[in-house]
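The values are calculated or read from the model by the stated rules, or taken from the named source; none is laboratory data. Just so it is clear, the structure is predicted and the values come from calculations on it, not from any experiment. Reconstructed Cβ throughout: ideal geometry from the backbone, glycine too, with neighbour counts over all protein chains shown.
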Amino acid sequence: MSDALEIRDLHVRFHTRRGLYRALNGVNLRLARGEVLGIAGESGCGKTTMGLGVMSLLPRNASYPQGQVVFDNKDLVNLPREYSERVGDRFSPKQNERILRRVSKAMAPIRGRRISMVFQEPMTSLNPVLPIGFQVGESIYVHDPAQLARRVLARSKATPELTRELVSLLAATHGDETSVRKFAAEHDLAGIEEQALFVWSRGDIHISRKEKAIRALSGQPMNFVERWIIDTVVRARSIPWYLSRIPILSRIVRRVLMREGNRKARELLTSLGIHHAERVVRMFPHELSGGMRQRVVIAIALANNPEIVIMDEPTSAVDVTVQAQILELVKRIRTSVSASFIVISHDLAVLAEVCDRIAIMYAGRIVEVAPTDEILHKPLHPYTQMLISAIPTLEGKPVEGIQGDVPDMRAVPSGCAFHPRCPFAFEKCREVIPTDLPHGSDQLVACWLYEGK
Ligand SMILES: Nc1ncnc2c1ncn2[C@@H]1O[C@H](COP(=O)(O)OP(=O)(O)O)[C@@H](O)[C@H]1O
Ligand code: SF4
Ligand SMILES: [Mg+2]
C-alpha cells in the first residue's frame, strides 16, 4: 500500500526585508498509513514551516523553489513551486498572493477535510466570539455537509425494529465497529453507525440508558421540504449551488445541518473526554481552560474523519498535568480512528510517548529518522545524541545542554549545517551536504560518520 504522504526534497524560503530565510533545505519524509510520526528539533529548525507547507498555508512571502508534497498521487505544492521556479529571484509576495488564492481553491477538498491541522496556539485557531458547538459544527458544515445530511437521513429512515436489531448486534459483538458499519450499509442507514457506536462506547452511562439512547435514534421527524433537501445533499455529496443560492432553501439547509453539526460536536467533545459537553458547546473559548481548548481544536481537526492529522506542538500551551492528559488522548485517538498523524514538538520526551517513528530536524533538513526505540536507545546522528542527553530522567542523571546556537537561517552553514556545533566534524562535513544513509532496515541518518558503514 502506498504511503499516506510523501515529502520529496522540499525547499521553502521566506523573502523578508531582513534577508532570505532558507527555512526548509531539502526535506525528505514518508508518512506510512496509520502511523504516528514525530518531528523533533530545536525551535526555529523549520518544523512549523514544514507542517504549514504540507497544507499550503504558508504566508505570501514564502516560496517553494524545489520539491514535492505527494498526497493521493497528486503534488500539493505544484502551483506555488512552478511560480517560484519561473520567477526565481524576482519572486514577489504580491504576485504570490494570486497564486495562493488558486492554491486555496485547489486545496479546498483536501484542507480541513482529508488533511487537517492542530495549530501551535489553540486560541489563535478559535474564534473568540462564537460558541464552541457552532465552531465545531461549522467546520463540518463547510468541509463535509453531506456527512451531516447522512446522519439526519439515517435517523429519519431508521425504524424502531432496525434500532432494536442494532442494539442486539452491538450487545452480541461487544460494539464491533466493522459489524455495525456492515449493518448500516446493508440497511441503507449510512450515518447511523457512528451515532450508535458513540453511545455504545460511553463509559459514563448505564447499559440500559445506552440501549434507550440507541433506540431513540429511530424516526427523526422531518417535513417534506427538509426531507427533499437532505436527500439532495446526500446524493450530491455537497450542497448543490441551487440550494445555496435560493435564500429560503439555503436557510433551511443551514438550520438543519448546523443543528446536526452541534449534535456531532457534543459527541466529539464527549469522546475526547470533555464532561458535560452539552454545556460546553454553548460556551465561548475564553470560558474554557487551556486543556479544554486544546481538546476542542483536536475535535475540530478530527471532525471530518481526515486521513492525515498534523499536530503542531499539541502540548506546549498547557501545563504538565494537562500535557499528560493530552498525550493520553492522542494515544487513545490513534487506536480509535484510522488516520495517520504527524506530531510536531520541540520536546523529544513528548514524542517518545506517542510516536511510532521520530524524525529529527535540524536547519530545515531531516537529519535522522527511525522507530522511536532506536531514536531513544541507539541514536546515530550527533545532534540526536545531544537531544537525547538533554532529556531529564527520574534517576537524576546530569542533563547536558546542547552546545552552541541554532544557525541563522539567512546564512545556513555550508556542508553539514550542524558542523559548527558538532564535536566529530571533519573536513568533508564543512564542504558536502550529507546524503540520507540507510542504517539497518528502518533507520536513515544524514551524517558522514556513517558513510560506508
Ligand atoms: N513568515 C515568516 N517570515 C520570515 N521568516 C520566517 C517566517 N516564518 C518562519 N520563519 C523563519 O523560518 C525558520 C523556521 O521557523 P519555524 O518553522 O517556525 O520553526 P519551528 O517550528 O521549528 O520552531 C525560522 O528561522 C523563522 O524565523
Ligand atoms: S556530517 Fe559531520 S558535522 Fe555533520 S553531524 Fe556528521 S560528523 Fe557532525
Ligand atoms: Mg513551531
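Side notes on the structure shown:
- The set of residues from the range 436-448 being at pLDDT below 95 and surrounded by 13 or more Cβ atoms within 10 Å (Cβ to Cβ) comprises ASP436, LEU437, HIS439, GLN443.
- Restricted to the range 53-82, and to residues there that are out of contact with any strand residue (DSSP E or B) (no Cβ under 8 Å at 6 or more places or on another chain) and in a helix (DSSP H, G or I), the residue that is nearest to ligand 3 (Cβ to nearest atom) is LEU79.
- Listed by first and then second residue, the pairs with beta-carbon distance under 9 Å, at least 6 apart or on different chains, first residue in the range 143-163 and outside any helix (DSSP H, G or I), second aliphatic (A, V, I, L, M), are ASP144/ALA303; ALA158/LEU166; ALA158/LEU189; ALA158/ILE192; ALA158/LEU217.
- Listed by position, the helices (runs of 4 or more DSSP H) enclosed by the range 192-307 that each have at least 3 residues that are hydroxyl-bearing (Ser, Thr, Tyr) are 247-271.
- Screening the range 26-49 for residues that are out of contact with any strand residue (DSSP E or B) (no Cβ under 6 Å at 6 or more places or on another chain) and within 8 Å of ligand 1 (Cβ to nearest atom) and picking the one that is nearest to ARG81 (Cα to Cα) gives GLY44.
- Checked across the range 336-351, the condition of being away from ligand 3 (no atom under 16 Å from the Cβ) and farther than 30 Å from TRP200 by Cα holds for at least one residue.
- Looking only at residues of the range 30-50 that are touching a residue at least 60 places away in the same chain (Cβ under 8 Å), more than 21 Å from ALA349 (Cα to Cα) and in contact with an Asp or Glu (Cβ under 8 Å, 6 or more places away or on another chain), we find that the one that is nearest to ligand 2 (Cβ to nearest atom) is ALA32.
Yes or no, residue by residue, for (1) loosely packed, with under 15 Cβ neighbours inside 10 Å; (2) within 30 Å of MET283 (Cα to Cα); (3) out of contact with any Ser or Thr (no Cβ under 9 Å at 6 or more places or on another chain):
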| position | (1), (2), (3) |
| --- | --- |
| ASN25 | no, no, yes |
| SER43 | yes, no, yes |
| LYS47 | no, no, no |
| ARG90 | yes, no, yes |
| MET117 | no, yes, no |
| GLU121 | yes, yes, no |
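- Residue match in the range 396-416 (condition: assigned to a helix (DSSP H, G or I) and more than 16 Å from ligand 1 (Cβ to nearest atom)): no
- Residue check for VAL280: buried (at least 19 other Cβ atoms within 10 Å of the Cβ), closer than 26 Å to GLU121 by Cα and touching an Asp or Glu at 6+ places or on another chain (Cβ under 9 Å): yes
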